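Input: a single structure, listed below in structure tokens.
Values quoted throughout were computed directly from the atomic coordinates according to the rules given, and no laboratory measurement underlies them. The shown structure was predicted, so the numbers you read here are calculated from the model rather than taken from an experiment. Positions of Cβ are backbone-derived with ideal geometry, glycine not excepted, and every protein chain shown enters the neighbour counts.
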């Protein structure tokens, strides 16, 4: 698997300065290795909700299917965020029901980049850059920026308030837990891009 | 990701359906054909695993299997 990369910017948590990073349009083996060797020990130690996410196993399953695409952010030679999206799902909001969107299956920032763990706050903006990548893919696919996702409880506020997505409430059909479903309309996507969230 | 170009030959009827679906979904022909290929692969993979393709209408309480040969 190969990838192409583009330049994106993250904010250094210590200096407040913008730092250059690379957004790859595919997860590569080195990103999976970083997750296994550097992220996972910290995630397990924190006992986080998605500590069970095994990206190596996930990507070995998803990478064979055209409907899935992946992204990774690298900065300072290390993976800072990973995302897998599904391109054949459809919208639920009434005014765009049944239209195609890009559905975010999994999005994870490296543990040292998470707001809820301030002592490790190394780079901010990882989630925002990955959301922007999902919106851009949606635009490239002809879906006008429409995206959707089920959110882990600790990320609800980010998707609702920071990203401006519509909260459709807990989805009881989502296994194994009824996570809240969020969807972004074309207008919300344009606002997200315009405001540089 | 790099892309490659191909020529696709369709009958008049197939092109008509493609045009209709593109208009309905707001997609161009390339985007719609790519969606169709992804969906075809997804369905084929599940069928090969022994799964069935089902359609359900909750309002009418109807469930039917789509037989894919």
Added length on full extension, which subtracts the Cα-Cα distance from 0.36 nm per residue, residue A:17 to residue A:95:
24.0 nm
Simple SL model, points at 7 angstrom along Cα→Cβ for residue A:187 and residue A:61; separation in nm is 3.8
Between residue A:121 and residue A:37, 0.36 nm times their residue separation minus their Cα-Cα distance comes to what?
28.3 nm
Between the helical axis of B:12-25 and the dominant principal axis of chain B, each derived from Cα atoms, what acute angle in degrees is found, rounded to the nearest 10?
80
Separation in nanometres of the label points that stand 7 Å from Cα toward Cβ, at residue B:7 and residue A:78:
5.4
Using a 10 Å cut-off on Cβ atoms, rank the peptides B:30-37, A:14-21, B:45-52 from the highest mean neighbour count down.
B:30-37, A:14-21, B:45-52
Partner chain Cβ atoms within 10 Å, averaged over the residues of A:100-109 - can you pull that number for me?
1
Using 7 Å Cα-to-Cβ label points, what is the residue B:58/residue B:45 separation (nm, one decimal)?
2.6
Summarise the partner chain shielding of B:30-37 as one whole number: the mean count of Cβ atoms from other chains within 10 Å of each residue's Cβ.
3
Tell me, how many Å apart are the Cα centres for the range A:1-61 and for the range B:1-59?
32
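Rounded if a/c is under 1.5, else prolate if a/b beats b/c, else oblate: with a ≥ b ≥ c from the C-alpha gyration tensor eigenvalues square-rooted, which is chain A? Can you show the working numbers first?
Values: a/c = 1.36, a/b = 1.32, b/c = 1.03.
Taking the square roots of the gyration eigenvalues as a ≥ b ≥ c, chain A is rounded.
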Per DSSP H run of at least 4 residues, take -39500 (n - 2.57); add these up for chain A, divide by its residues and hand me the 222 nm value, nearest 500 deg cm²/dmol.
-6500 deg cm²/dmol
Checked the range B:12-66 with the C-alpha gyration tensor, a ≥ b ≥ c its square-rooted eigenvalues, rounded below a/c of 1.5, otherwise prolate if a/b is larger than b/c and oblate if not; verdict oblate
Computed over chain A: longest principal axis from alpha-carbon atoms vs helix A:126-140 long axis, angle to nearest 10 degrees, is 40
Using only Cα atoms, find the angle between the long axis of helix B:29-48 and the longest principal axis of chain B, and express it within 0 to 90 degrees, rounded to the nearest 10.
40
